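Student: Before anything else, here's the structure in question.
The values are calculated or read from the model by the stated rules, or taken from the named source; none is laboratory data. Remember, it's a predicted structure, so these values are computed and weren't measured experimentally. Quick reminder, even Gly has a Cβ in these numbers, built from the backbone with ideal geometry, and neighbours come from all protein chains shown.
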Amino acid sequence: MNFIKTIIIFLLPAIFVGMTACSGSDDPVTPEIVPAKTEIAFSRTGGSETLSVKSNVPLEVKSNDESWCRVVPASSTSDAVYKFTVTLDANPETSDRSTTITIKGGNITQTVNVVQTAADGLIVTPTLFDEVAGEGAQIEVKLTTNGAVKITTNDSWITQVTSRAAMTEQTVTFNVAANYRDPRTGSISFTLGELTETVTVKQVKANLSDIGMESDALILAAKMYAGWNIGNTLEAIGGETAWGNPKLAEAYIRKIKDFGFNAIRIPCAWNQYIEDAETYKIEDSWLDRVNEVVGYCVANDMYAIVNIHWDGGWLENNCTPDKQEENNRKQHALWTQIAGKLNHYDEHLLFAGTNEPNVDNAQKMVVLKSYLQTFIDAVRATGGNNAVRNLIVQGPNTDIDMTDKLFGDMPTDVVDNRLMLEVHYYNPWTFCGLEKDESWGKMAYFWGAHAVSGSDRNATSGDEAEMKSLFARMKTKFVDKGIPVILGEYGAITMRTGLGDLQEAHNKSRNLYDETVTREAKNHGMVPFYWETGGVVNRNTGAIKDNYAMDGIVKGAREGKYPF
C-alpha cells in the first residue's frame, strides 16, 4: 500500500503540469529539469542524502553504480519538485570514489555527481624490530596512509624523532633509549579512525663492556685498592691555589699512584665559578680545568671521584625545608653541567652528590634525600655513560652513627646496583683533628697501643673496638645489602711537634691509627680515602713528608680485604 501511494505522489506533478498545459493552449510543453545541486558528497561511512529536482515532466532517475549508490523516489510536498533519496554504502576502498546520477525527462538529460571519501587506510612496515641494540638505536617505520595518523609510543624509552603531516607515504623515526637492565619489549601504536596498527620493539641488554662501564657498584668498589684526597685545592674558595697549595700537575698524580693508591677523590667548588645567577651557568674554563684533572687520573688508570664540596655551604648548611626548592633547582643545574662535561669518561669516574650535609634530624634528612635524588636524576638524564655511571650519596653529616639511625632507604635509581654510600671517620676528633684545647675536650696526642701511661693526652674514646663496631654497622646496613660504602675522608691529620721524648709515641700513634682505619674499612666493605692537604706528600716535588702516615695507610691497605 505504501509503495502504490509513493508512485501516485511521484506522478502527480507531471500529470498536473500536463493538464495545465492542455487547458490553456494547444502548444507542446517545453521540458524543464533543474537539480537542486550538481554534486553530493558523502563521507567514508556512507549514508543517505535527499536530491531535489524541479521539473515539469516525468523523470527517470538512475545511478550509474547501483551496487553501492542507490536512488529511490521520496515524498514531496511541492507539485513542481521531485525528491529522491540517494543512499551510499560505506567505502571499503582506501581511495576516494565517485559515480553519476542521470536524470532524464523528455528529451533533456541532467547529471549529478556523487563523490565519497576513501576508507581509512593504514599500513606500517615492519611491525617487529627484534634484538634492538642495548646501547640504543634509531628505528624507522614506513607508514602508508590516507589520513592524519595518531602515533603513540606506549613505552617511555621509545620516543618519536619526527612528526609530519599525514602523507600518502612517509617514514617515521624513533629513538630507542639505551637499555642497561634486562631485555625488554615495547610497542608503537598508529591509529587512523577505527584502524590501529602496532609495531613491536624488542631490545636486548646493552653490552656495557663495549663502553667501559661494565662494573656495578660492588665490583667497582673492589677494584679500588686505596684512595687519596686532593684536599684544599680545587675546592678552595678563592681559586685553586688560594689555600696554599700549588696548581695540581699530572706528575703529582703519578707520584700518588707510585705510592700504591689507585683512586683519587677530587673535592670541587662550583658556586664561585657560576657566571649567571639565573641559570647557574658554570664558567667553561672551570669545567675545562676539572675535566683536565680528572683526565690526569683516568690517563694513569686511576679511579676519580668528583663532588660538590663545601662550596661556601649553600647546600650542606641548608638542608632545610625553606631552602629545599631553591637548592634543588641549583643542584639540578650544576650536576647537569658537570655530568654533561665529564660524560665521556668510562667507569673510572664516579660522581658524589654532596660532601658533609649538615643533617641531625628526620626533617632535615627528608630534605637531604631530595637533594640526593635530584643529583641522581640530573646525572642520569644526561644519558651516555652517565646513564649507568656509579654514583655516591652521602649520609647525614657523613657520620656513621647518624647515618645508621637516620638514612633509611637509598634514593631511587633507574639502573640497578649503581649506587654507593659515603661516610667520613675522624673519631675521636680530639686525636684526629683538634688543634687546641676546648672546653668540651683536650687535644689527645696518643692512641691505642701507643698510649702513654699516666698522660692526660691519651685518647679517651674512639678505640679500635669502637671503630670496628661502627664499621660493622655500615656493613650490616649497606654492604651486606649490595651497597658499598665509600669512607670518603679519614686520618689522624693533626701532627703534634715539640713533644720531646714523647714525640715517637705520638708519631707511632698516628701511624697505627691510619693503618687500623684503612685495614678495618676494607675488612668491612668500605673503600678508604685518606684526607690529605699537602702535609703528607709535597705537592711540588712529590716527596713524602710524613712517613708515619704514609706507611700506616699503605700497610693497612695491604692487609685489609674486601668481604665480597
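Student: Look through segment 74-101, keep the residues that are under 20 Å from PRO31 (Cα atoms) and not small (Gly, Ala, Ser), and return whichever of them is surrounded by the most Cβ atoms within 10 Å (Cβ to Cβ).
Tutor: Taking segment 74-101 first, the residues under 20 Å from PRO31 (Cα atoms) are 76, 78-84, 101.
Narrowing further to those that are not small (Gly, Ala, Ser): 79, 81-84, 101.
Numbers: ASP79: 13, VAL81: 14, TYR82: 24, LYS83: 17, PHE84: 22, ILE101: 22.
The extreme case among them is TYR82.
Student: Right, here's the next one. In segment 102-118, which residues are buried (at least 16 other Cβ atoms within 10 Å of the Cβ) and part of a strand (DSSP E or B)?
Tutor: ILE103, LYS104, GLY105, GLN110, VAL112, VAL114, GLN116, listed by residue number.
Student: Return the total of residues in segment 513-530 being within 16 Å of CYS432 (Cα to Cα) and surrounded by fewer than 21 Cβ atoms within 10 Å (Cβ to Cβ).
Tutor: Pass one, segment 513-530, residues within 16 Å of CYS432 (Cα to Cα): 513-518, 528-530.
Narrowing the set further to residues that are surrounded by fewer than 21 Cβ atoms within 10 Å (Cβ to Cβ) leaves none.
Matching residues across segment 513-530 total 0.
Student: If you don't mind, there's one more thing I want to ask. Just to be sure I understand, how many residues within segment 330-341 are in contact with a helix residue (DSSP H, G or I) (Cβ under 6 Å, 6 or more places away or on another chain) and surrounded by 21 or more Cβ atoms within 10 Å (Cβ to Cβ)? Even if it seems obvious, please write down each step before you answer.
Tutor: First, the residues of segment 330-341 that are in contact with a helix residue (DSSP H, G or I) (Cβ under 6 Å, 6 or more places away or on another chain): 331-332, 335-336, 339, 341.
Still in the running and surrounded by 21 or more Cβ atoms within 10 Å (Cβ to Cβ): 331, 335, 339.
Selection size over segment 330-341: 3.
Student: Consider ALA178 carefully, then state whether it is in contact (Cβ under 8 Å) with a residue 24 or more places away in the chain, closer than 30 Å to ALA263 by Cα and not assigned by TED's automatic domain parsing to the domain that holds GLY488. Write out each step before concluding.
Tutor: Working: in contact (Cβ under 8 Å) with a residue 24 or more places away in the chain: yes; closer than 30 Å to ALA263 by Cα: yes; not assigned by TED's automatic domain parsing to the domain that holds GLY488: yes.
Here the answer is yes, as ALA178 does meet what is asked.
Student: Find the residue count for segment 73-112, including only residues that are in contact with a Ser or Thr (Cβ under 9 Å, 6 or more places away or on another chain) and among the acidic types (Asp, Glu).
Tutor: Result for segment 73-112: 2.
Student: Regarding PHE42, is this residue of a type in the set (Phe, Trp, Tyr) and within 60 Å of the chain's Cα centre (by Cα)?
Tutor: yes
Student: For segment 45-65, how many residues meet the condition of being within 19 Å of ARG97 (Cα to Cα), part of a strand (DSSP E or B) and within 60 Å of the chain's Cα centre (by Cα)?
Tutor: 3
Student: Still on this model: Counting only residues that are modelled with pLDDT under 90 and farther than 30 Å from HIS524 by Cα, give me the strands (runs of 3 or more DSSP E) lying completely in segment 155-228 with at least 3 of them.
Tutor: Working: elements: 158-160, 169-176, 184-192, 195-203.
Per the criteria, 169-176.
Student: Could you count how many residues in segment 71-96 are touching a strand residue (DSSP E or B) at 6+ places or on another chain (Cβ under 8 Å) and either of a type outside the set (Asp, Glu) or assigned to a strand (DSSP E or B) (or both)?
Tutor: 16
Student: Right, something else. Identify, from the list GLU326, GLU292, the residue that is closer than 25 Å to GLY383 by Cβ and without any contact (Cβ under 8 Å) to a residue 12 or more places away in the chain.
Tutor: GLU292
Student: Then there is this: What's the total number of residues in segment 497-516 that are of a type in the set (A, V, I, L, M) and within 19 Å of ILE553 (Cβ to Cβ)? Spell out the reasoning first.
Tutor: Within segment 497-516, the first condition is being of a type in the set (A, V, I, L, M), and the residues that meet it are 499, 502, 505, 512.
Next cut, within 19 Å of ILE553 (Cβ to Cβ) only: 512.
Residues in segment 497-516 being of a type in the set (A, V, I, L, M) and within 19 Å of ILE553 (Cβ to Cβ): 1 in total.
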